[in-house]
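Remarks on the structure that follows.
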Protein chains: 4
Amino acid sequence: MDEFEREALGDVDLDDPVLVEGLPGVGHVGKLAAEHLLEEIESEPVERVHSTHFPPQVSVDDGRTELAGAEFHAVRPEDGRDMLVLTGDHQAQDNRGHYGLTETFLDVADDHGVSRAFALGGVPTGELIEEYSVLGAATTDEVVDDLEDVGVEFREDEPAGGIVGVSGLLLGLGERRGFEAACLMGETSGYLVDPKSAQAVLEVLQGVVDFEVDYASLEERADEMEEVVRKIQEMDQGTPTPSDEDLRYIG
Amino acid sequence: MDEFEREALGDVDLDDPVLVEGLPGVGHVGKLAAEHLLEEIESEPVERVHSTHFPPQVSVDDGRTELAGAEFHAVRPEDGRDMLVLTGDHQAQDNRGHYGLTETFLDVADDHGVSRAFALGGVPTGELIEEYSVLGAATTDEVVDDLEDVGVEFREDEPAGGIVGVSGLLLGLGERRGFEAACLMGETSGYLVDPKSAQAVLEVLQGVVDFEVDYASLEERADEMEEVVRKIQEMDQGTPTPSDEDLRYIG
Amino acid sequence: MDEFEREALGDVDLDDPVLVEGLPGVGHVGKLAAEHLLEEIESEPVERVHSTHFPPQVSVDDGRTELAGAEFHAVRPEDGRDMLVLTGDHQAQDNRGHYGLTETFLDVADDHGVSRAFALGGVPTGELIEEYSVLGAATTDEVVDDLEDVGVEFREDEPAGGIVGVSGLLLGLGERRGFEAACLMGETSGYLVDPKSAQAVLEVLQGVVDFEVDYASLEERADEMEEVVRKIQEMDQGTPTPSDEDLRYIG
Amino acid sequence: MDEFEREALGDVDLDDPVLVEGLPGVGHVGKLAAEHLLEEIESEPVERVHSTHFPPQVSVDDGRTELAGAEFHAVRPEDGRDMLVLTGDHQAQDNRGHYGLTETFLDVADDHGVSRAFALGGVPTGELIEEYSVLGAATTDEVVDDLEDVGVEFREDEPAGGIVGVSGLLLGLGERRGFEAACLMGETSGYLVDPKSAQAVLEVLQGVVDFEVDYASLEERADEMEEVVRKIQEMDQGTPTPSDEDLRYIG
């Protein structure tokens, strides 16, 4: 297998689509948001990307295996703008993989005429969130303006550590190749899978891409998570706060 | 030395063989099973694979050294189907090695006319096993059917973490190259070298490949392991359970 | 993106410049010193270097992103020697990156006619410093002589562990390519960002390169750090000394 | 810089030399032994090997720097066999480096007509040693015989974990290229730099290569180490045994 390999899954013709990336990350915010789009709007598979920088692994679903990879789907909202949605179960395992996979993802985007890309993710606050703000970062002032119009917050020096992984590089490498790109980061505690933060991110994306989705399933999942938090808080009476480790994989 | 290197050890003509892989892993189940085949049925060495992704190491046997590698043996059961059995003392040390070694192993299989591959391994349950089930995963529904016929269990969402290493990639990469492949995973505690789990896996393999082997030596080794477990349980009265670390390398 | 990539930022003509490197390291001494030069003397950007061996990351400043990299600036002191100043937020993430980035940095230096290079950094003493000595290491006896004249100390067997990272390789690889190179290491506790040590290093560099800078802003920052130390010492009454971990990122 | 680079240091004509390797490892036995040869018998530098797989580092000696590397010296005992002695301060930092450096070392050996190689090292016993045995491993029965004649012990299944690093690969890769190679491993606690074990190894090597050296300086250093051990044992009265960590770098 080559270091980075594209596999076509369908022949799709998209009209001036935007790229929407949601790979695993903080609170699984980006992945939840991208997968929600695929569940709620009719979509079809476009390409799959494999790489020796993904874990050497197959997933198993009902006895059938599938090689680790990331997948692009075409999503065409009835009245809104076409989207090329990228999601998957893995991030690259090393630096060279992050750079090379992002270049490959941008190649795919290029081939489908994408000029604007949105990387979806979460930004950890360390505290349970009351009101879900969405933080932004972008490659051009024009994109910053567009996003501010729909309520995205741009703050001096936030996120402090910058943006790492594919989401960050979609902006860093995308800019070098002439893409307009933005990262939409939903605030999230960082401890829990966070459907509410995913919804906040999608509501913002809706404002710039113009689609309609129902949030019932995300809200239901958010209720389940709140139940989990309630139980942890009960267990917690008189005992030390559960550590990040305890909470990180709940969901 | 090249990154991946094949060294022919003998000139063997096999008749429509299946590949049987048993490299080190959970409970050493796959390795024990593959080595048992080599001990019980007449076999001859076919190829050895070296790689800069194996540990930089020689093993020492009676003062003579051998470079780290993996080895293919031809195994011809009297009445059953020919097998190309792959075993060794090492897994690759990094992702690129896992992918590259698996491709190399599939090259060898290809050259000997293999069309169906069985990856043998263990799946950790975290508890001592009473009844040894064998879990399956496969690349085609046809293989799933064949294996269900001989008692292999296919469960929704198991194993939860997928299958990693060469065993997983034999399916993931094998499928892309047109192999039919399955992974046979014996349930095992995950704490101990587990000859009983290896026997369970072989008994299933027997059903699809059709060979006869005596299990006396595996059973003897299983008795020794039970003795070890008994001693640990005695020591354990009133003391904390031995940690995974303590148990993992017993055997 | 290539493994190592140069991006021209301006067209600058320097007269027999020296290279001055100040990337992140012990006490951020080198980085503070290099950045102080850029703040105090008129400078202009020359080149930016990107690499797949830098972290897969963008920094965010006021909502706008910038891909991880290192940057060269031309600095022309009024009466002193021209300088090509290299600084940035990252070191390479692996050995191959350290070697390759250093070669790339030397390529840039070569293209601008550099023949002498100064790597700035800190050397940890494990104790709070009263008097800030600057330790030296160099590729030729001639450079050693020049630096001893301005007060740099050369000690047998110091620094004991040698010099690692780009600073070390600028000397090790630079020498092979005919550069005269020296490392100027300000003594520093190793626990805190150390503007005083950066000033000590600059005062020595001033002696050999001949420029004038105001140290008010570094002194101010040093005062802030002393305030931090004072607070830590107060908190510390009757409690264990704060660990390196606690202190390392203060500043 | 290339991944592996040879730099000629002198033009030396050796008569049917043996390669003697002593790089850092358990108890620094091999390195001490090789360096003792260089101190006690007239020698001259032959080649230096650099690599991006060595640490990105320069050593500093009296203010002058030297890039990380390994060095070959020609050693010509008055009456014995010529030796090409390889030593240095570093091992490779990764698997690919171990394999590639060993191939490079074998290239150098080849160019000087070496047909037999001795890798010197220590084998850890976990206990302070009373009588210093030397364990052997070799690529051919002929070398095993020669070494048994001079007192080297060959034991079934020892060393249990095989031989790792350059010492192991000199045998594993050397054999593939037609070298006769052996590893001579002095027993050593594994906790301390062990000049006595180095002497034991050299006394065995003397038997097969035929040279004369004075051991006074090694014995002196061994006395110093014994003094260290005595002090540790005194400190140890009523306190827990110093951990491996405490002891490992003493010497």
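The values are calculated or read from the model by the stated rules, or taken from the named source; none is laboratory data. Predicted model, so just to flag it, every value in this text is computed and none were measured. With ideal geometry, Cβ positions are generated from the backbone for all residues, glycine too; neighbour counts draw on all protein chains shown.
Summary of computed values
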quantity: Residue identified as among the small types (G, A, S) and in contact with a helix residue (DSSP H, G or I) (Cβ under 9 Å, 6 or more places away or on another chain) among B:A182, B:A216; calculated: B:A182
quantity: Conditions (1) within 23 Å of C:L169 (Cβ to Cβ); (2) touching a Phe, Trp or Tyr at 6+ places or on another chain (Cβ under 6 Å); (3) surrounded by fewer than 22 Cβ atoms within 10 Å (Cβ to Cβ); (4) not aromatic (F, W, Y): number failed by D:S51; calculated: (3)
quantity: Any hit, the range C:71-81, residues being of a type outside the set (A, V, I, L, M), touching a Lys or Arg at 6+ places or on another chain (Cβ under 8 Å) and closer than 30 Å to A:A117 by Cβ; calculated: yes
quantity: Number of positions in the range C:141-157 that are within 17 Å of C:G172 (Cα to Cα), facing chain D (nearest Cβ under 8 Å) and surrounded by 15 or more Cβ atoms within 10 Å (Cβ to Cβ); calculated: 1
quantity: Of the criteria (1) out of contact with any Leu (no Cβ under 9 Å at 6 or more places or on another chain); (2) part of a loop (DSSP other than H, G, I, E, B), which one B:E234 fails; calculated: (2)
quantity: Verdict on A:L101 being more than 30 Å from A:V228 (Cα to Cα), among the hydrophobic types (A, V, I, L, M, F, W, C) and either at the interface with chain C (Cβ under 10 Å from one of its Cβ atoms) or surrounded by fewer than 24 Cβ atoms within 10 Å (Cβ to Cβ) (or both); calculated: yes
quantity: Any hit, the range C:199-206, residues being farther than 30 Å from C:V228 by Cβ, among the aliphatic types (A, V, I, L, M) and assigned to a helix (DSSP H, G or I); calculated: no
quantity: Residue among A:G165, A:G190 that is touching a Lys or Arg at 6+ places or on another chain (Cβ under 9 Å) and under 18 Å from A:Q91 (Cα atoms); calculated: A:G190
quantity: Scan of the range A:67-98 for residues that are within 14 Å of chain B (Cβ to nearest Cβ), under 19 Å from A:E44 (Cα atoms) and of a type in the set (D, E, K, R), ordered by number; calculated: A:D89
quantity: Counted residues, the range B:158-172 - those being crowded, with 24+ Cβ neighbours inside 10 Å and not small (G, A, S); calculated: 5
quantity: Lone unmet requirement of (1) outside any helix (DSSP H, G or I); (2) at pLDDT 95 or above; (3) more than 19 Å from the chain's Cα centre (by Cα) for D:E220; calculated: (1)
quantity: Set D:T104, D:T52, D:T87: member being among the polar types (S, T, N, Q) and without any contact (Cβ under 8 Å) to a residue 60 or more places away in the chain; calculated: D:T52
quantity: Enumeration of residues in the range D:45-66 that are of a type in the set (A, V, I, L, M, F, W, C) and within 14 Å of chain C (Cβ to nearest Cβ); calculated: D:V49, D:F54, D:V58, D:V60
quantity: Test for B:D15: is it in a loop (DSSP other than H, G, I, E, B), among the charged types (D, E, K, R) and away from every other protein chain (no Cβ under 14 Å); calculated: yes
quantity: The range D:161-196, residues that are more than 19 Å from B:D62 (Cβ to Cβ), under 16 Å from the mean Cα position of the chain (by Cα) and more than 12 Å from chain B (Cβ to nearest Cβ); calculated: D:G186, D:T188, D:G190, D:L192, D:V193, D:D194, D:P195, D:K196
quantity: Checking A:A216 against (1) of a type outside the set (D, E, K, R); (2) within 14 Å of another protein chain (Cβ to nearest Cβ); (3) free of Cβ contacts under 8 Å to residues at least 24 places away in the same chain, the condition it does not meet; calculated: (2)
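For every residue, the table says whether it meets (1) under 18 Å from the mean Cα position of the chain (by Cα); (2) over 30 Å from B:D145 (Cα atoms); (3) modelled with pLDDT under 95.
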residue: A:E5; (1), (2), (3): no, yes, no
residue: A:G30; (1), (2), (3): yes, yes, no
residue: A:A34; (1), (2), (3): yes, yes, no
residue: A:D62; (1), (2), (3): no, no, yes
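Every residue, every condition in (1) touching a Gly at 6+ places or on another chain (Cβ under 9 Å); (2) at pLDDT 95 or above; (3) over 14 Å from C:E66 (Cβ atoms), yes or no:
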{"residue": "A:E131", "(1), (2), (3)": "no, no, yes"}
{"residue": "A:T139", "(1), (2), (3)": "yes, yes, no"}
{"residue": "A:V150", "(1), (2), (3)": "yes, yes, yes"}
{"residue": "A:E156", "(1), (2), (3)": "yes, no, yes"}
{"residue": "A:A160", "(1), (2), (3)": "no, no, yes"}
{"residue": "A:I163", "(1), (2), (3)": "yes, yes, no"}
{"residue": "A:G168", "(1), (2), (3)": "yes, yes, no"}
{"residue": "A:E175", "(1), (2), (3)": "no, yes, no"}
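Rundown of residues vs (1) of a type in the set (S, T, Y); (2) touching a Ser or Thr at 6+ places or on another chain (Cβ under 7 Å); (3) on the phi > 0 side of the Ramachandran plot, yes/no style:
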position: B:D11; (1), (2), (3): no, no, no
position: B:P17; (1), (2), (3): no, no, no
position: B:G27; (1), (2), (3): no, yes, yes
position: B:I41; (1), (2), (3): no, no, no
position: B:S51; (1), (2), (3): yes, no, no
position: B:V60; (1), (2), (3): no, no, no
position: B:H73; (1), (2), (3): no, yes, no
position: B:R76; (1), (2), (3): no, no, no
position: B:F105; (1), (2), (3): no, no, no
